[in-house]
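Comments concern the structure below.
The values are calculated or read from the model by the stated rules, or taken from the named source; none is laboratory data. This structure is a prediction, so every number in the text was calculated from the model and none was measured. No Cβ is skipped: glycine too gets one built from the backbone with ideal geometry, and neighbour counts run over all protein chains shown. For the accessible areas, the whole protein counts, side chains as well, though only heavy atoms, and no ligand, DNA or RNA atoms are used. Shrake-Rupley method; radii C 1.70, N 1.55, O 1.52, S 1.80 Å.
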Amino acid sequence: MRFMVIVKATRDTEAGILPTTEEFAAMGRFNEELVKAGMMEAGEGLHPTAKGARIDFSGGETRVARGPFDLSVDLAAGFWMIKARSLDEVIEHMKRAPFPSGQIEIRQVYAPEDFGETFTPELRERVERLRAQAARG
C-alpha cells in the first residue's frame, strides 16, 4: 500500500521561516530511517502559499486565485510518499517524526484495483505507460 503523509502548515511555515540546522539534521536522520525501512518514495517541503495559486472549477468555468491564503487546516507545508503494509505501520513510524509541534495527516493512495470495473485494463495500461514515460523524464 502507498500513503501520502501531509504535513500541515503553521504560522511559521506560512511566514517562510525555515528550519534550523539542527531541525534539518533531525529530519535527515528520520528520513534515513524511512529509507532504510524501505518505506520512503519521496518527501518534500513546500513554499508558503504566497508563492502559490488555487484553481477553482465550477460549472465548466475556472477561477484562479493567487496566494497567500488564510492559514487553515487545509494548507500543507510538505509531504512524504510512503510504502507500507498498513496504516498502523505508517502511524508507528510517523509518531517519531521530529516535529516539536504541528500536525500531519495520513491518507492512503488509491491503487488501480481499488477502482473496480470502471478502470478497464486499457485505461490501466495507458496510465502505466504514462507513468513509465514520466519516470524517464
From the list ARG107, ARG85, exactly one residue is within 19 Å of PHE3 (Cβ to Cβ), open to solvent by 40 Å² or more (accessible area, probe 1.4 Å), in a strand (DSSP E or B) and of a type in the set (Lys, Arg). Which is it?
ARG107
Does PHE115 satisfy the condition of being aromatic (Phe, Trp, Tyr), touching a helix residue (DSSP H, G or I) at 6+ places or on another chain (Cβ under 6 Å) and either open to solvent by less than 80 Å² (accessible area, probe 1.4 Å) or part of a helix (DSSP H, G or I) (or both)?
no
Residue pairs, Cβ under 6 Å, 6 or more apart or interchain, first in region 61-81 and more than 15 Å from ILE106 (Cβ to Cβ), second among the basic types (Lys, Arg). List them.
ALA65/ARG54
Kindly provide the set of residues from region 88-100 that are open to solvent by less than 90 Å² (accessible area, probe 1.4 Å) and assigned to a loop (DSSP other than H, G, I, E, B), ordered by number.
ALA97, PRO98, PHE99
Of all residues in region 118-135, count the ones that are of a type in the set (S, T, N, Q) and open to solvent by less than 70 Å² (accessible area, probe 1.4 Å).
1
Every residue from region 15-45 that is farther than 19 Å from MET1 by Cα and either assigned to a loop (DSSP other than H, G, I, E, B) or among the polar types (S, T, N, Q) (or both):
ALA15, GLY16, ILE17, LEU18, PRO19, THR20, THR21
For region 27-69, how many residues are farther than 28 Å from ILE82 by Cα, out of contact with any helix residue (DSSP H, G or I) (no Cβ under 9 Å at 6 or more places or on another chain) and open to solvent by less than 40 Å² (accessible area, probe 1.4 Å)?
1
